[in-house]
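Below is one structure, written out as structure tokens, with a few remarks after it.
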Amino acid sequence: MPQSLPTVIVSAPVPPDLRSAVEAACRIVEVPIGERLDRAVPAAERQAARGVLCTVRTPVDAATLEALPGLKVVSNFAVGFDNIDVPHATGRGVLVCNTPGVLDRAVADLTMGLVICLARDMVAGDAFVRQGKWQRGAAPLTSDLAGKTLGLLGMGRIGRMVARRAQAFDMRVIYHNRNRDTQSEAQGLAAYRQRDALIAEADFLSVHIPLSPETRGSIGTREFDAMKRTAYLINTARGAVVDEAALVRALQEGRIAGAGLDVMEREPLDPGSPLCALPNVVLQAHVGSATVETRRAMMELAVRNLVDAMTGRTPQAMVNPAVWDASGAGHV
Ligand code: 8YV
């Protein structure tokens, strides 16, 4: 008797050709993006599900994991995995995969875009032209990037990619990371600082740390008070690592110069948010990785991770590889 294909839940924007690659090895149950799987998936399909392919908008928390008792693999269409309760997944023998590496350049590009936008006041500059103010005189002067200090809070793949770009703009680059990146230091890419020193010294403080219980709200009043009044905060990582209410207060009171934010505590951001009323803030809609090329590379990796795990091949990018090591090719 032919063996039936394993069931996978797909809640992600998979293009047709990659969907065919999944369908060659799996039976797909489609769920709208962002729906809770423990509510949106019928009971029989929840029992049958062995794999999940989802975006960061799908919570894979304890309740979801309990509701999918046969689950073996979650392939996240993202490098971040704060939507997934990884310790709980590991405890249940569920392998978690993500998409590191392929989005570093796109996120680093956006980070530098925000730095340039703030230093050169480009949003105001655009309005200056459109509103005809140019007819009455020259636009206000702005600031050079050269010679300014970029402080990278977090020196992983993306942090390093930002450092490379900042060097090309003749910025001084300093970083803080839990573990020292001696290779980057030796290459002259960035100099190490203690966390407090980094925050006090940076003209642009750019966040590149993952969201975890330890980092949630870890950049707040204390940090904003320690920053230069002329400094900017850039966040292309996760909104919730910043205490957003404290950030709004610091911006409103002029205790820091401004912020460039691609991510917020709650997304999509409510246009009534005080952030939207602040002229010294540049906002983006969580688009760090949102280029055609990068999203394609992310989806190829996410699909490959899923199909590999479902067919007994070691996936390229595992968050909790111990789960795979424990069960190997017989995982599913
Ligand atoms: C989003 C991201 O996940 O990779 C990450 O961690 O935050 C982004 O790339 C993207 O919206 C894809 O869902």
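Relative to the first principal axis of the alpha-carbon coordinates of the chain, what is the inclination of helix 104-119, with its axis defined by its Cα atoms, in degrees from 0 to 90 and to the nearest 10?
20
Using mean Cβ contacts within 10 Å as the protection proxy, how do 91-97, 284-290 order, highest first? Please list the in-between numbers first.
On the way: 91-97: 20.7, 284-290: 17.3.
Averaged packing, sorted descending, gives the order 91-97, 284-290.
Between LYS133 and ASP61, what length comes free when the chain is fully extended (0.36 nm per residue of separation minus the Cα-Cα distance, one decimal in nm)?
Residue separation times 0.36 nm, minus the Cα-Cα distance, leaves 20.7 nm.
Can you sort PHE81, PHE128 by 1.4 Å-probe accessible area, starting with the largest?
Highest to lowest solvent-accessible surface, that is PHE81, PHE128.
Carbon and sulfur: what percent of the chain's accessible surface (1.4 Å probe)? List each step's numbers first, then the result.
Details: 8260 of 15740 Å².
Roughly 52 percent of what the probe reaches on the chain is carbon or sulfur.
Taking only C-alpha pairs under 8 Å that are 6+ residues apart, what is the relative contact order of the chain in percent?
Dividing the mean separation by the residue count of the chain yields 18 percent.
Can you list residues from other chains, or at least 5 along the same chain, whose modelled amide H is less than 5 Å from the amide H of VAL52?
Correct list: ILE9, VAL73, VAL74, SER75.
Under 17 Å from the 7 Å Cα→Cβ point of ALA146, by amide nitrogen: which residues of region 168-212?
The answer is 168-173.
Mind checking the dipole of region 205-330: about its Cα centre, +1 per Lys or Arg Cβ, -1 per Asp or Glu Cβ, Debye to the nearest 20?
Details: 12 positive and 14 negative charges, 34 e Å.
Taking the Cα centre of region 205-330 as origin, the dipole is about 160 debye.
Pick from ASP262, ASP270, ASP144 the residue whose mean-square fluctuation is largest in a GNM of the chain, springs joining Cα atoms under 10 Å.
Evaluated over the chain, the most mobile residue of the options is ASP270.
For THR142, what residues show an amide H to amide H distance below 5 Å, using hydrogens built from the backbone and excluding near sequence neighbours?
So THR142 has HN proximity to no qualifying residue.
Output the 0 to 90 degree angle, nearest 10, between the alpha-carbon long axis of helix 157-168 and the longest principal axis computed from the alpha carbons of the chain.
Roughly 30 degrees, rounded to the nearest 10.
Considering only TYR175, TYR192, TYR232, give the residue with the highest GNM mean-square fluctuation for the chain, with springs between Cα atoms whenever their separation is below 10 Å.
TYR192
For region 104-283, what mean projected area does the convex hull of the alpha carbons give, in nm²? Let's see the in-between values first.
Working: hull surface 42.4 nm².
Across all orientations, region 104-283 yields a mean hull projection of 10.6 nm².
Could you work out [θ]222 nm for the chain from helices alone, using -39500 (n - 2.57) per DSSP H run of at least four and dividing by all its residues? Round to the nearest 500 deg cm²/dmol.
-10000 deg cm²/dmol
Over the heavy atoms of ARG165, what accessible area does a 1.4 Å probe trace out, to the nearest 10 Å²?
Here the residue's solvent-accessible area equals roughly 50 Å².
Treating the beta-carbon of each Lys and Arg as +1 and of each Asp and Glu as -1, no other charges, what is the dipole magnitude of region 104-283 about its Cα centre, to the nearest 20 debye?
Roughly 280 debye for region 104-283.
Residues with amide H under 5 Å of ASP85's amide H, sequence separation 5 or more or different chain, H placed in the peptide plane at 1.01 Å from N; which?
Distant-sequence amide H within range of ASP85: VAL60, ASP61.
Under the definition of Cα pairs under 8 Å and six or more residues apart, what whole-number percent is the relative contact order of region 104-283?
20
Once you charge only the Cβ atoms, +1 for Lys and Arg and -1 for Asp and Glu, what is the size of the charge dipole of region 248-305 about its Cα centre, to the nearest 20 debye?
Charge dipole of region 248-305: 80 debye, to the nearest 20.
Could you list, bin by bin from short to long, the percent of Cα-Cα pairs of the chain in 10 Å steps?
Binned Cα distances yield the sequence 6, 24, 29, 22, 14, 5, 1, 0, 0.
From the residues PHE77, ALA250, GLY137, which one has its Cα farthest along the dipole of the chain in the positive direction, the dipole being from +1 and -1 charges on Cβ of Lys/Arg and Asp/Glu about the Cα centre?
GLY137
Restricting to the chain, what percent of DSSP beta bridges are antiparallel, rounded to 5?
Expressed as a percentage, antiparallel bridges in the chain total about 0.
The values are calculated or read from the model by the stated rules, or taken from the named source; none is laboratory data. It should be emphasised that the depicted structure is a prediction, and the values quoted were computed from it without experimental measurement. Positions of Cβ are backbone-derived with ideal geometry, glycine not excepted, and every protein chain shown enters the neighbour counts. Areas reflect the complete protein model, heavy atoms only, side chains present, ligands, DNA and RNA absent. Shrake-Rupley method; radii C 1.70, N 1.55, O 1.52, S 1.80 Å.
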